[in-house]
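Since the structure comes first, as structure tokens, the remarks are kept for the end.
The values are calculated or read from the model by the stated rules, or taken from the named source; none is laboratory data. Here the structure is a predicted model, which is why all the values come from computation and not from measurement. Neighbour counts run over all protein chains shown; Cβ positions are idealised from the backbone, glycine included. Note: areas computed on protein heavy atoms with side chains; ligands, DNA, RNA excluded. Shrake-Rupley method; radii C 1.70, N 1.55, O 1.52, S 1.80 Å.
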Amino acid sequence: MHKRIRRLVRETRLSVDDLLYPLFVRPGKGLKIPISSMVGQFQLSIDYILEEIKEVEGLGIPGVILFGIPERKDEMGSEAYSDDGIIQRAVRAIKEEFPDFLVITDVCLCEYTSHGHCGVVEGDQILNDPTLQLLAKQALSHASAGADMVAPSDMMDGRVAAIRKALDEQGYSEIPILAYSAKFASSFYGPFREAVESAPQFGDRKSYQMDFANGNEALREVRMDIQEGADIVMVKPALPYLDIISRVKEEFGIPVAAYNVSGEYAMIKAAAQLGWVDGEKVMMESLVSIKRAGADIILTYFAKEAAKRL
Ligand code: PBG
């Protein structure tokens, strides 16, 4: 058989249009600090972020999602919703230089709280409802800095509705919500927590993130987020949850994003460095499989490398 026939019958095509690149922004100037467990990823000060965006834009990647490392962390995560916070400043700087570039912001408190939890803490409890107000405030401050879409990753119940209401009331009704809807309590987030120094100081995130053994529950979470106003829903992590991506796409038919998280990236990078797998090939196979499962959008630290190959 002529090998070109394979081209004609290929079912899944990965495109640069499917990719979003996560970036870590930190205070300071001239800083590009390597994240040891995520080879090729860095904490970047805003000047370097702008250089990075130029490259990402040049590669044709549609946008980035920003994570912040604040100047200081406190009990209430106050830099998360300060107009002068690291994300708010970064978004303004990007928008000034690249007004047409797509900037998505992660909405969550864990990067900003001293205890590392995604919500307000009382004793050893994470309080759902008092957290909603802070998340809405954070989303609003991102939108007013110029963010094009907000992505709540905290997993508090009711946060999509709270954020939607706050955005609508303040004149940001056209800003969509990308909801981390099926977010599992996963050990694959380990390297990310090193990157943003957000490992919980006590307990774990199992009271608000999902049990990885549960698929039907994931569908219920997604359904609730859609009812509350999510425009795009996300499954996270990606590779161990391809079944969930597929079920969500089939059941709801709405745009589905998948987060190919830090641990998935780190494993491939580490094995490739040891010469145990062909890193590029494993990367492409992984990304195509996420797409084949039904994801429309893939958030991945591989975005630049994949874009160069596509
Ligand atoms: C929470 C958040 C996390 C990630 C994205 N948003 C970590 C967590 O829930 O502990 C993980 C992403 C990754 O591992 O790449 N703000």
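What number of residues within the range 262-281 satisfy the criterion of being within 16 Å of the ligand (Cβ to nearest atom) and either in contact with a strand residue (DSSP E or B) (Cβ under 6 Å, 6 or more places away or on another chain) or open to solvent by 60 Å² or more (accessible area, probe 1.4 Å) (or both)?
So the answer is 1.
Could you list, in sequence order, all residues of the range 189-219 that are in contact with a strand residue (DSSP E or B) (Cβ under 7 Å, 6 or more places away or on another chain), part of a helix (DSSP H, G or I) and modelled with pLDDT under 90?
Once the filter is applied, which keeps residues that are in contact with a strand residue (DSSP E or B) (Cβ under 7 Å, 6 or more places away or on another chain), part of a helix (DSSP H, G or I) and modelled with pLDDT under 90, the range 189-219 yields only Ala195.
Test Ile244 against the criterion of being buried (at least 16 other Cβ atoms within 10 Å of the Cβ) and within 15 Å of the ligand (Cβ to nearest atom), and give yes or no.
It is false that Ile244 is buried (at least 16 other Cβ atoms within 10 Å of the Cβ) and within 15 Å of the ligand (Cβ to nearest atom).
For (1) more than 22 Å from Asp47 (Cα to Cα); (2) assigned to a helix (DSSP H, G or I), each residue gets a yes or a no:
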position	(1), (2)
Glu79	no, yes
Asp83	no, no
Val91	no, yes
Lys95	no, yes
Asp100	no, no
His115	yes, no
Thr131	yes, yes
Leu134	yes, yes
Lys137	yes, yes
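Which residue out of Ile65, Ile46 is modelled with pLDDT of 95 or more and within 18 Å of Arg193 (Cβ to Cβ)?
Going through Ile65, Ile46 in turn, just one is modelled with pLDDT of 95 or more and within 18 Å of Arg193 (Cβ to Cβ): Ile65.
Please go through the range 227-241 and give me each residue that is surrounded by fewer than 16 Cβ atoms within 10 Å (Cβ to Cβ) and either farther than 21 Å from Pro22 by Cβ or of a type in the set (Lys, Arg) (or both), ordered by number.
Hit for the range 227-241 is Gln227, nothing else.
Test each condition in (1) touching a Gly at 6+ places or on another chain (Cβ under 9 Å); (2) under 19 Å from Ser246 (Cα atoms); (3) surrounded by 20 or more Cβ atoms within 10 Å (Cβ to Cβ) for Phe192 and report the one that comes out false.
Unmet condition: (2).
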